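Asks: Below is one structure. I have some questions about it.
The values are calculated or read from the model by the stated rules, or taken from the named source; none is laboratory data. Worth saying up front: this structure is predicted, and the values here are computed from it rather than measured. When we count neighbours, we look across all protein chains shown, and the Cβ atoms used for this are built from the backbone with ideal geometry, even at glycine.
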């Protein structure tokens, strides 16, 4: 029987800096009746991503800004409880913008039916989905990575970064990983195969890059921005490519951060820096999935989940991304599979 009452986190105020519990409001409301073409979905897994913070701002990004009072936007995996659309049946597993809520009523066309895989359901977030697409196409398409080149990955112990490190290794690159803390750096070198690691908590990133990249940098998978990006730009080689995936160092800034100061070196080295969004590659998801699954089953691509239990934990799970408390993909387990 489908539930009649929903529980959800709503955006109560816009953060000034790091999001707090006070920016969200917990509400329990009646679920609406299904209209033609809609489905009711119970959330199982909720993905917590840096882009959640972007959506909380009072400005449009690649998606319209979230309005105050609306259910917090979030990507989820869930099970269809009821449907008034021929393309979905009760019991189907789907992925989409389910939001920070236990149940949602969504247009069926906005939901993607998940294919059966020889992997746990959570792998759609830890290995595949928007995480896997971002890491794979950021390197292969945007950066046009090639064997023998030196790759630098910042925020390398995060969900996307840790995959990018391993994809680079599988492509035959020399990989330098930047992360914070000895434990994360050991994981990157001992388990994920990074050729060199830079612990930004223990040494200056510019000094670390001078040590780890004596012959320069060919490809940068950039997740941090700010001083980290400046340090990378200082060491890029002729024709270097920078895949600009994220700028997590700046998402909680109370005032605009100064731009990179080393753009002159990008010019002199005839380098290229390109931003990209995973939405650009949804129609090519099958290309990435085939490779990622094959590498994983062969033991050449690992993923780690950082799981918080219960929808109530979503606000604190979001803070992990900006305090360095997580290793791997941050998820909230909302209900049983």
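Asks: Read through the list (1) part of a loop (DSSP other than H, G, I, E, B); (2) at negative phi, then give the number of the only condition that residue 208 fails.
Replies: Against the list (1) part of a loop (DSSP other than H, G, I, E, B); (2) at negative phi, residue 208 comes up short only on (1).
Asks: Right, something else. What residue, of 239, 246, 275, is surrounded by fewer than 15 Cβ atoms within 10 Å (Cβ to Cβ), under 16 Å from residue 139 (Cα atoms) and in contact with a helix residue (DSSP H, G or I) (Cβ under 9 Å, 6 or more places away or on another chain)? Spell out the reasoning first.
Replies: On the way: 239 fails: in contact with a helix residue (DSSP H, G or I) (Cβ under 9 Å, 6 or more places away or on another chain); 246 fails: surrounded by fewer than 15 Cβ atoms within 10 Å (Cβ to Cβ).
Answer to the selection: 275.
Asks: I need every pair where a residue in the range 235-249 that is at positive phi has its Cβ under 7 Å from the Cβ of a residue that is at pLDDT 95 or above, sequence separation at least 6 or different chains.
Replies: 239/270; 239/271
Asks: Continuing with this model, one more query. So how many residues does the range 55-77 have that are touching a residue at least 60 places away in the same chain (Cβ under 8 Å) and not in a loop (DSSP other than H, G, I, E, B)?
Replies: Looking only at the range 55-77, we keep the residues that are touching a residue at least 60 places away in the same chain (Cβ under 8 Å), and these are 62, 70-72, 74, 76.
Those left that are additionally not in a loop (DSSP other than H, G, I, E, B): 71, 76.
Number satisfying all stated conditions: 2.
Asks: Would you point out which residue out of 145, 155 is part of a loop (DSSP other than H, G, I, E, B), in the same structural domain as residue 238 (by TED's automatic domain parsing) and at negative phi? Write out each step before concluding.
Replies: Values: 155 fails: at negative phi.
Just one listed residue meets the conditions, 145.
Asks: Scan the range 320-337 residue by residue and report those that are farther than 24 Å from residue 6 by Cβ and touching a residue at least 60 places away in the same chain (Cβ under 8 Å). Full working, then the answer.
Replies: So the first thing to find is which residues in the range 320-337 are farther than 24 Å from residue 6 by Cβ, and the list is 320-329.
Selection gives 320, 321, 322, 323, 324, 326, 327, 328, 329.
Residue-wise test of (1) under 18 Å from the mean Cα position of the chain (by Cα); (2) at pLDDT 95 or above.
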position	(1), (2)
243	yes, yes
257	no, no
264	no, no
285	yes, no
296	no, yes
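Asks: Kindly check whether there is at least one residue in the range 115-136 that is in contact with a strand residue (DSSP E or B) (Cβ under 7 Å, 6 or more places away or on another chain) and assigned to a strand (DSSP E or B). First the steps, then the outcome.
Replies: Step one: list which residues in the range 115-136 are in contact with a strand residue (DSSP E or B) (Cβ under 7 Å, 6 or more places away or on another chain), which gives 121-122, 124-126, 129, 131.
Subsequent filtering for residues that are assigned to a strand (DSSP E or B) retains none.
Looking through the range 115-136, none of the residues is in contact with a strand residue (DSSP E or B) (Cβ under 7 Å, 6 or more places away or on another chain) and assigned to a strand (DSSP E or B).
Asks: In the range 15-38, how many are farther than 24 Å from residue 88 by Cα and either more than 21 Å from the chain's Cα centre (by Cα) or not in a loop (DSSP other than H, G, I, E, B) (or both)? Before the answer, list the steps.
Replies: Quick first cut of the range 15-38, residues farther than 24 Å from residue 88 by Cα only: 15-29.
Adding the requirement that they be either more than 21 Å from the chain's Cα centre (by Cα) or not in a loop (DSSP other than H, G, I, E, B) (or both) leaves 16, 21-29.
Summing the residues that are farther than 24 Å from residue 88 by Cα and either more than 21 Å from the chain's Cα centre (by Cα) or not in a loop (DSSP other than H, G, I, E, B) (or both) in the range 15-38 gives 10.
Asks: Still on this model: One residue is enough: does the range 292-299 have a residue meeting the conditions touching a strand residue (DSSP E or B) at 6+ places or on another chain (Cβ under 8 Å), under 29 Å from residue 189 (Cα atoms), free of Cβ contacts under 8 Å to residues at least 60 places away in the same chain and not in a loop (DSSP other than H, G, I, E, B)? Don't jump to the end; show me each part of the working.
Replies: Going residue by residue through the range 292-299, those that are touching a strand residue (DSSP E or B) at 6+ places or on another chain (Cβ under 8 Å) are none.
For the range 292-299, residues touching a strand residue (DSSP E or B) at 6+ places or on another chain (Cβ under 8 Å), under 29 Å from residue 189 (Cα atoms), free of Cβ contacts under 8 Å to residues at least 60 places away in the same chain and not in a loop (DSSP other than H, G, I, E, B): absent.
Asks: Restricting to the range 300-327, name every residue that is surrounded by fewer than 18 Cβ atoms within 10 Å (Cβ to Cβ), modelled with pLDDT under 95 and assigned to a loop (DSSP other than H, G, I, E, B).
Replies: Residues satisfying the conditions are 324, 325.
Asks: Taking the range 258-270 on its own, how many of its residues are touching a residue at least 24 places away in the same chain (Cβ under 8 Å), part of a loop (DSSP other than H, G, I, E, B) and farther than 25 Å from residue 162 by Cβ? Even if it seems obvious, please write down each step before you answer.
Replies: At the first step, the residues of the range 258-270 found to be touching a residue at least 24 places away in the same chain (Cβ under 8 Å) are 260-263, 265-266, 269-270.
Then drop every residue that is not part of a loop (DSSP other than H, G, I, E, B), which leaves 260-262, 269-270.
With farther than 25 Å from residue 162 by Cβ added as a condition, the list becomes 261-262, 269-270.
Counting residues in the range 258-270 that are touching a residue at least 24 places away in the same chain (Cβ under 8 Å), part of a loop (DSSP other than H, G, I, E, B) and farther than 25 Å from residue 162 by Cβ gives 4.
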